[in-house]
Amino acid sequence: MTDEPIRLEVGKKAPAFNLKNQAGDKVKLSDFSGRKVLVFFYPKANTPGCTNQACGLRDVADQVGDTVIIGISPDQPDKLESFDTKHSLGFPLLSDPDHAIADKFGVWGEKKLYGKAYMGIVRSAFLIDEKGKLEEVWYKISPKDTPKKLLAALKG
């Protein structure tokens, strides 16, 4: 058994999820069948990089047509709600406190900060097509590149 995280590939079925959003309501990937979905994983609400990434996606939301934007982090719904309210994000933020879904997407891994190793979310994004298959996979994406790569992928 290896500790290497799984790596999802373009063309494969996206892992299903059923998580609480910022309002405490359950949200499933299958709720958006027939639409493209951008799922982005971020480490922690209201931190500089995560705010930059989420606000960047908010700022391009009017350019992505019918595509749904969903953020997932280990934060609890109340923290997600304050993040959404503070920055007027306007898209679902899902709570994955036990990182079960992050594990399925291969984004829970070792990180280093000031020489200390710890486990956490490796910022990544996934564009899922209308049939639930992975159209684009971006592991270790930067906050500022997330909206750019989404727009480029949608333009084809």
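Values for this structure:
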| read-out | value |
| --- | --- |
| Cβ pairs under 7 Å, 6+ apart, first in region 138-156 and within 12 Å of V64 (Cα to Cα), second assigned to a helix (DSSP H, G or I) and modelled with pLDDT of 95 or more | P147/G56; P147/L57; P147/D59; P147/V60; L150/V60; L151/V60; L151/Q63 |
| Residue match in region 29-38 (condition: more than 24 Å from K133 (Cβ to Cβ), at pLDDT 95 or above and either surrounded by fewer than 13 Cβ atoms within 10 Å (Cβ to Cβ) or in contact with a Leu (Cβ under 9 Å, 6 or more places away or on another chain) (or both)) | no |
| Test for A23: is it modelled with pLDDT of 95 or more and touching a His at 6+ places or on another chain (Cβ under 8 Å) | no |
| Residue within region 85-105 that is among the small types (G, A, S), in contact with a Lys or Arg (Cβ under 8 Å, 6 or more places away or on another chain) and either under 16 Å from V37 (Cα atoms) or loosely packed, with under 15 Cβ neighbours inside 10 Å (or both) present | yes |
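The values are calculated or read from the model by the stated rules, or taken from the named source; none is laboratory data. Remember, it's a predicted structure, so these values are computed and weren't measured experimentally. With ideal geometry, Cβ positions are generated from the backbone for all residues, glycine too; neighbour counts draw on all protein chains shown.
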